[in-house]
Amino acid sequence: MRELKKIKYTYTSDQKHWVGDGFHVYGLLRPSEELNKFISPFIMLDYASPKEFPITDKRRGVGEHPHRGIETVTFAYQGEVEHRDSSGGGGVIKPGDVQWMTAGKGIVHDEFHSEEFSKKGGVFEMVQLWINLPKKHKMTNPKYQEISSGVIPAISLGDKIKLRVIAGSFEETKGPSTTYTKVNLYDIISKENKRIFLNFENGTNTVILIMSGEVTLENKNFKDKDILIFERAGSQIDLKVSDNFKGLILNGEPINEPIVAQGPFVMNTKEEIYQAFSDYQNGKMGRL
Ligand code: MN
């Protein structure tokens with residue numbers, strides 16, 4: 001009998017904010033000393049819930065900006081995101097695709113709705129997650145992984161419920177992403193009411209984002225835009241999902257190191273943050 005992981009914190013937001021002019025997001029995870037104990041190696045999560053964008057000639061998004069010390073992982077659910085970066089990475093991700101950018105020692109990139117999506121308009125929905133890098137990998141070379149939906153294995157948990165393994169593993173199935181710490185990332189789309197079990201290593205951190213539908217856990221109901229953060233202790237989550245559920249499951253081995261996060265940089269000390277701003281201004285993170 002596995003010990004159940006208990007919910008430590010729940011959080012939701014009814015406040016959306018704009019990232020550039022293309023991403024209207026709920027900021028659902030933000031770094032803080034207390035929260036880091038239960039969300040590390042994850043740092044930040046923004047959810048751009050479904051939103052209709054009209055046809056436009058001018059592409060919406062965020063212009064050139066840097067990152068250091070983290071990986072940014074973008075999950076496209078509706079619409080298309082185009083990215084270019086100073087390490088030569090770039091491409092368009094479509095619904096079901098994931099873009100995994102390792103900023104490492106420094107990268108400059110931009111993030112826009114794709115040209116094709118802008119011309120057609122339509123509903124846009126995505127998630128951006130920041131994953132911390134441990135001290136020994138913070139200054140690694142930048143890398144770009146484009147993970148198309150075709151290479152993400154999908155497992156049937158029932159007649160109408162699929163779990164996709166984006167990173168790490170689920171039972172015997174391995175995900176395609178290369179990671180710097182032990183991370184399991186799944187998304188689940190359900191069209192049936194179903195009780196499911198998720199098993200993780202005892203002592204790891206786990207977060208569930210509900211994008212749509214409902215979850216029942218510990219006899220409580222949770223709904224879209226709720227984020228559930230679990231205790232490290234325990235190794236199983238026993239939950240019921242509704243027949244319109246879509247969610248993201250994050251699990252990872254915590255990085256037990258100090259965090260100093262400022263703007264687009266996440267380092268271990270203030271001095272390293274000052275150095276990051278200076279290196280960016282001096283062009284050491286490259287240019288587009
Ligand atoms: Mn960015």
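Report yes if Lys94 is more than 16 Å from the ligand (Cβ to nearest atom), within 21 Å of Gly247 (Cα to Cα), of a type in the set (Lys, Arg) and open to solvent by 20 Å² or more (accessible area, probe 1.4 Å), otherwise no.
Judged against the criteria, Lys94 is a match.
Which condition number in (1) more than 16 Å from the ligand (Cβ to nearest atom); (2) open to solvent by 50 Å² or more (accessible area, probe 1.4 Å); (3) in a loop (DSSP other than H, G, I, E, B); (4) in contact with a strand residue (DSSP E or B) (Cβ under 9 Å, 6 or more places away or on another chain) is the one that Lys105 fails?
Here Lys105 clears every test but (1).
Scan region 55-79 for residues that are outside any loop (DSSP other than H, G, I, E, B) and either β-branched (Val, Ile, Thr) or away from the ligand (no atom under 16 Å from the Cβ) (or both) and jot them down.
The first filter runs over region 55-79 and keeps only residues outside any loop (DSSP other than H, G, I, E, B), leaving 61-68, 70-78.
Across region 55-79, the qualifying residues are Val62, Ile70, Thr72, Val73, Thr74, Tyr77, Gln78.
Out of all the residues in region 13-35, which are in a strand (DSSP E or B) and either within 16 Å of the ligand (Cβ to nearest atom) or more than 16 Å from Val207 (Cβ to Cβ) (or both)?
Lys16, His17, Trp18, Val19, Phe23, His24, Val25, Gly27, Leu29, listed by residue number.
Output the strands (runs of 3 or more DSSP E) that fall wholly within region 108-188 and possess 2 or more residues being closer than 23 Å to Asn205 by Cα and more than 14 Å from the chain's Cα centre (by Cα), or say none. Let's see the steps before the verdict.
Details: elements: 122-132, 143-147, 154-158, 161-167.
Answer list for region 108-188: 154-158, 161-167.
Test Glu82 against the criterion of being open to solvent by 10 Å² or more (accessible area, probe 1.4 Å), part of a strand (DSSP E or B), in contact with an Asp or Glu (Cβ under 9 Å, 6 or more places away or on another chain) and at pLDDT 95 or above, and give yes or no. Steps first, please.
Working: open to solvent by 10 Å² or more (accessible area, probe 1.4 Å): yes; part of a strand (DSSP E or B): yes; in contact with an Asp or Glu (Cβ under 9 Å, 6 or more places away or on another chain): yes; at pLDDT 95 or above: yes.
Yes, satisfied.
Can you work out which of the residues in region 180-193 that are free of Cβ contacts under 8 Å to residues at least 60 places away in the same chain and in contact with a strand residue (DSSP E or B) (Cβ under 6 Å, 6 or more places away or on another chain) is farthest from Ile166 (Cα to Cα)? If you could, list the steps in order and put the result at the bottom.
Within region 180-193, the subset free of Cβ contacts under 8 Å to residues at least 60 places away in the same chain is 189-193.
Cutting the leftovers down to in contact with a strand residue (DSSP E or B) (Cβ under 6 Å, 6 or more places away or on another chain) gives us 189-190, 192.
On the way: Ile189: 13, Ser190: 17, Glu192: 22 Å.
Step by step, filter region 180-193, then rank; the result is Glu192.
Suppose we filter Ile55, Ile70, Ile7 for residues that are out of contact with any helix residue (DSSP H, G or I) (no Cβ under 6 Å at 6 or more places or on another chain), over 22 Å from Ser148 (Cβ atoms) and open to solvent by less than 20 Å² (accessible area, probe 1.4 Å); which single one remains?
On the way: Ile55 fails: open to solvent by less than 20 Å² (accessible area, probe 1.4 Å); Ile7 fails: open to solvent by less than 20 Å² (accessible area, probe 1.4 Å).
On inspection, the qualifying residue turns out to be Ile70.
Determine which member of the set Ile208, Ile196 is open to solvent by less than 20 Å² (accessible area, probe 1.4 Å), over 30 Å from Glu82 (Cβ atoms), touching a residue at least 24 places away in the same chain (Cβ under 8 Å) and assigned to a strand (DSSP E or B).
Numbers: Ile208 fails: over 30 Å from Glu82 (Cβ atoms).
Just one listed residue meets the conditions, Ile196.
Given the residues Phe230, Phe265, which is the only one that is out of contact with any Pro (no Cβ under 6 Å at 6 or more places or on another chain), closer than 17 Å to Gly104 by Cβ and among the aromatic types (Phe, Trp, Tyr)? Spell out how you get there, then give the answer.
Numbers: Phe230 fails: closer than 17 Å to Gly104 by Cβ.
Testing whether each residue is out of contact with any Pro (no Cβ under 6 Å at 6 or more places or on another chain), closer than 17 Å to Gly104 by Cβ and among the aromatic types (Phe, Trp, Tyr) leaves just Phe265.
Do you know which residues across region 15-24 are out of contact with any Gly (no Cβ under 8 Å at 6 or more places or on another chain) and either touching a residue at least 40 places away in the same chain (Cβ under 8 Å) or open to solvent by less than 40 Å² (accessible area, probe 1.4 Å) (or both)?
Selection gives Val19, His24.
Can you find a residue in region 36-44 that is in a strand (DSSP E or B), away from the ligand (no atom under 13 Å from the Cβ), modelled with pLDDT of 95 or more and within 16 Å of Ile229 (Cα to Cα)?
Within region 36-44, the subset in a strand (DSSP E or B) is 42-44.
Next, from what is left, pick out any that are away from the ligand (no atom under 13 Å from the Cβ): 42.
Then drop every residue that is not modelled with pLDDT of 95 or more, which leaves 42.
So of that shortlist, the ones also within 16 Å of Ile229 (Cα to Cα) come out as 42.
Yes, region 36-44 contains a residue that is in a strand (DSSP E or B), away from the ligand (no atom under 13 Å from the Cβ), modelled with pLDDT of 95 or more and within 16 Å of Ile229 (Cα to Cα).
The values are calculated or read from the model by the stated rules, or taken from the named source; none is laboratory data. It should be emphasised that the depicted structure is a prediction, and the values quoted were computed from it without experimental measurement. Backbone-built Cβ (ideal geometry, glycine too); neighbour counts: all protein chains shown. Note: areas computed on protein heavy atoms with side chains; ligands, DNA, RNA excluded. Shrake-Rupley method; radii C 1.70, N 1.55, O 1.52, S 1.80 Å.
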